[in-house]
Amino acid sequence: MNRTSISSSPPPGEEAAKGQIRQTNEALILAAAERVFAGAGFAGATMAAIAEAACLPKANLHYYFGSKQALYRAVLARTLEDWLVPTLGITPKADPRVAIETYIRAKMALSVQRPHASRVFANELLHGAPVVKALLGTELRELVRVKAAVIQGWINAGRMAPVDPMHLFFTIWAATQTYADFGVQVSAVLGRAELAAADYDRATEHVVTLLLRGCGLLSDTQQSLKAQ
């Protein structure tokens, strides 16, 4: 048999293992980058500091992301994608209360689980969004426009109270992300060294109830229970 006809490709199992290692390392790097960028800003962050936070060699960061700029873009892209995935439940046939409540809870959970990611994104916006501005005005704008049209359809059908659909999204973002971006302020006012799980649970129920009530989506029974 001609040896040159034998494929040099690694076995499928080996390819899968390499893919898993890559995914694991990328996740470690992105999580570490979120923490470092949140604390030091883009200018103050270094690949060495991120590598140390990820407990990986610095060479690994350059292998997977190439540069600090590329890693920063990846952090922002992942954050925005994770924020927008829960909007998939906002469809014409969905129950308005369930869809909006699910979205709010998902956004609150992300603020609790990944506060550094939210702070990196907020800092990007505070500096004029030099990296993501084009994305905000194209992909994000179009997605929100489509989902706002769904909400307007629910309003027109009498399935929820009349609200401004576009500004409803802005309100949800502000109400949920504040517990990540301004967690220090919230903790200080509540007299906590840091927010506990019970504080986040209480905050989540407050935000959900407040926004659903504003949308006219709480039942009479729920309204009574919340008032007690």
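What follows is calculated from the coordinates using simple rules that are stated; it is not laboratory data. Just so it is clear, the model here is predicted, and its values are computed rather than measured. Every residue, glycine as well, gets a Cβ built from its backbone with ideal geometry; the counts of neighbours run over all protein chains shown.
Assorted remarks:
- Summing Lys and Arg as +1 and Asp and Glu as -1 over all other residues whose Cβ lies under 9 Å from the Cβ of ARG119 gives a net charge of -2.
- Most mobile listed residue (PRO57, PRO96, PRO115) in the chain, GNM with C-alpha springs under 10 Å: PRO57
- Charge context of LEU211, other residues only, Cβ under 12 angstrom, K/R +1, D/E -1: +2
- Restricting segment 96-165 to GluC sites (Glu not before Pro) that sit in a DSSP loop and have at most 11 other Cβ atoms within 10 Å of their own Cβ leaves nothing.
- Computed label-point distance, nm, for sites ALA161 and ARG22 using a 7 Å Cα→Cβ extension: 5.0
- The modelled label-to-label distance between ASP201 and ALA43, using points 7 Å beyond Cα along the C-beta direction, is 4.3 nm.
- Applying 1/(1 + (r/R0)^6) with R0 = 30 Å to the Cβ-Cβ distance of ALA109 and PHE170 gives a FRET efficiency near 0.95.
- Neighbour net charge for ALA188 - beta-carbon separation under 13 angstrom, K R +1, D E -1: -1
- Sparse-neighbourhood loop sites, trypsin sites (Lys or Arg not before Pro) in segment 52-118 - DSSP loop, at most 12 other Cβ within 10 angstrom: LYS93
- nm² value of the averaged projected area, convex hull over the Cα atoms of the chain: 18.5
- Computed [θ] at 222 nm, deg cm²/dmol, the chain (DSSP H ≥ 4; -39,500 (n - 2.57); rounded to nearest 500): -23500 deg cm²/dmol
- Spin-label pair ALA149/LYS133, simplified geometry with 7 Å Cα→Cβ offset, distance in nm: 2.8
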